[in-house]
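Some notes on the structure that comes next.
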Amino acid sequence: MASTEDEAARPRSRKKAKRSFGNTRQLASGRWQARYPGPDGIVRSAPNTFDRKRDAEVWLTLKEAEIRRGEWTNPDAGTISVQEWGERWLASVSPALKPKTQSSYASLLRTLIIPQFGAMQLGQVRPIGINEWVAKLSKRGLSASRVRQAYRLLSQIMMAAVNNELIKSSPCRGVRLPRMPATEPHILTPGEVGALAAAMRKPHSLIVLLLAYGGLRIGEAFALRRRHVDLDGGLVTIAESLAEIAGRHVFDTPKSHQKREVTLPVFVINELRDHLAMLPSDPDVLLFTGKTGKPLHYNAWRRWHFDPAVSDAGLDDVTPHDLRATHATWVADRHGVMAAARRLGHSNASVTTRHYARAVEGRDKEIAEAFDGEHRKGSGLDSRRPSGTFVARPGKRRFSWAIGEPSTSKNAESGSSPTTDL
């Protein structure tokens with residue numbers, strides 16, 4: 001019978017602990033396969049096999065950590081085609097989009113995105129493929145604006161796929177987009193606006209006044225009805241906008257989805273009063289229509305009324321949108337950007353400065369002269385001669401303001417007068 005010491009000395013067989021997550025097995029080919037249960041309860045295999053068992057176990061360890069961190073993505077989800085997902089996504093967001101935006105998205109998806117990526121699985125799209133697609137669209141002669149719109153739509157579709165855990169990350173990253181050409185709005189003077197309005201027949205001249213002195217969008221002006229005008233209050237309510245989709249008129253809320261009231265100058269209100277006197281009393285009657293009584297078509301209005309008036313007024317390269325930018329510039333220059341943003345219906349004043357309001361020539365000099373006048377008034381200095389001079393100390397960012405005539409004395413040079421740190 002073996003002693004206790006013999007049993008203690010006898011080497012014990014080392015049994016390896018069974019994996020708590022997933023399992024590995026060797027295939028007939030000699031390679032190793034890793035299998036694991038996903039969070040959805042379905043057992044899946046690794047997308048590839050491994051030379052060694054150790055490699056398969058490392059892969060399982062990393063997959064388990066991925067699941068614990070909540071970063072697991074269903075590998076079957078990425079097999080949905082771009083066309084199927086894009087159409088599903090567009091149908092889901094369409095109720096929240098304006099009709100014109102819906103139409104634009106549908107056109108971009110149908111004509112530019114699906115022909116390139118439609119048959120591909122979501123998980124197969126790579127950044128290099130998107131870069132090549134963008135370059136191809138540019139070579140076809142599409143405008144930079146159109147190419148960027150198509151890319152932004154594809155980016156939204158792919159980000160929605162990420163948010164729905166169909167793919168881990170969006171391939172729309174690191175893509176070089178064509179630059180938008182630098183264009184500046186044509187800012188008119190009040191005299192030029194007057195000449196433009198005078199060159200147009202009524203009531204079309206009134207549309208020019210509403211754009212320039214009310215800051216309306218052209219679609220907002222075309223959608224004005226009698227009930228939107230408050231002659232006693234001297235204002236109009238911007239509650240609708242007219243858009244054209246495939247030649248069909250669509251009335252919708254303004255671009256910001258918000259109604260706004262805009263107070264107008266008295267002379268514009270007087271023009272509105274005269275025009276309303278010629279219209280039916282129906283509160284829903286449109287202020288501006290074609291000869292048949294139907295809403296105006298933008299392109300036809302430009303061709304028959306606006307563009308000829310621009311030429312007759314001696315102007316060049318002026319669009320209806322320039323009148324809205326002109327209004328923004330006038331208001332921002334006199335009353336501040338926030339006042340301009342409110343009249344234009346912008347919730348963010350940065351939109352006003354980026355796309356509409358521009359600096360008025362000569363204002364910088366006027367600002368400097370105003371500062372100088374305030375300084376002289378506050379210090380009681382003679383405004384007819386220089387009130388002092390700046391003297392720089394060598395090697396230091398300090399300047400001396402010497403009251404009185406410019407001096408060459410050592411005291412002035414040494415800075416014995418009051419100094420200001422910059």
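The values are calculated or read from the model by the stated rules, or taken from the named source; none is laboratory data. Computed from a prediction, not measured in an experiment: that's the story for all the values here. A quick note on method: Cβ atoms are made from the backbone with ideal geometry, for glycine too, and the neighbour counts reach across all protein chains shown.
Scanning the range 177-209 for residues that are of a type in the set (Ser, Thr, Tyr), touching a helix residue (DSSP H, G or I) at 6+ places or on another chain (Cβ under 9 Å) and surrounded by fewer than 17 Cβ atoms within 10 Å (Cβ to Cβ) returns a single hit, Thr189.
Quick one: which residue in Thr79, Thr49 is over 30 Å from Leu154 (Cβ atoms) and either among the aliphatic types (A, V, I, L, M) or at pLDDT 75 or above (or both)? Checking each option against the conditions leaves just Thr49. Evaluation of Leu209 against the conditions (1) assigned to a helix (DSSP H, G or I); (2) aliphatic (A, V, I, L, M); (3) farther than 16 Å from Val266 by Cα shows that the sole unmet condition is (3). Pairs meeting the criteria (first residue in the range 233-255 and of a type in the set (Lys, Arg), second residue modelled with pLDDT of 90 or more, beta carbons under 8 Å, at least 6 apart or on different chains) are Lys255/Arg217; Lys255/Ser241.
Taking the criterion of being of a type in the set (Asp, Glu) and in contact with an Asp or Glu (Cβ under 8 Å, 6 or more places away or on another chain), the only residue of the range 192-229 that qualifies is Glu220. Filtered by the rule that a residue be under 26 Å from Met158 (Cα atoms) and hydroxyl-bearing (Ser, Thr, Tyr), the range 52-76 gives a lone residue, Thr73.
Against the test of being of a type in the set (D, E, K, R) and under 28 Å from Pro254 (Cβ atoms), the options Arg126, Arg152 yield a single qualifying residue, Arg152. Only one of the numbered conditions (1) under 22 Å from Gln258 (Cα atoms); (2) modelled with pLDDT of 80 or more; (3) not in a helix (DSSP H, G or I) is violated by Gly293, and that is (1). Of everything in the range 17-42 that's of a type in the set (D, E, K, R) and surrounded by 13 or more Cβ atoms within 10 Å (Cβ to Cβ), which residue is nearest to Thr73 (Cα to Cα)? Ranking the qualifying residues of the range 17-42, first place goes to Arg35. Here Ala65 fulfils each of the conditions (1) more than 30 Å from Arg248 (Cα to Cα); (2) surrounded by 13 or more Cβ atoms within 10 Å (Cβ to Cβ); (3) at pLDDT 85 or above apart from (2).
Of Val250, Val268, Val236, which residue is under 25 Å from Arg302 (Cβ atoms), at pLDDT below 90 and not in a loop (DSSP other than H, G, I, E, B)? Just a single option satisfies the conditions, and that option is Val250.
Conditions (1) under 29 Å from the mean Cα position of the chain (by Cα); (2) surrounded by 13 or more Cβ atoms within 10 Å (Cβ to Cβ); (3) part of a helix (DSSP H, G or I), marked per residue:
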site: Glu261; (1), (2), (3): yes, yes, no
site: His275; (1), (2), (3): no, yes, yes
site: Pro280; (1), (2), (3): no, no, no
site: Arg302; (1), (2), (3): yes, yes, yes
site: Ala309; (1), (2), (3): no, yes, yes
site: Arg324; (1), (2), (3): yes, yes, yes
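Out of curiosity, is Ile269 under 21 Å from Arg343 (Cα atoms) and in contact with a Gly (Cβ under 8 Å, 6 or more places away or on another chain)? Spelling it out, Ile269 is indeed under 21 Å from Arg343 (Cα atoms) and in contact with a Gly (Cβ under 8 Å, 6 or more places away or on another chain).
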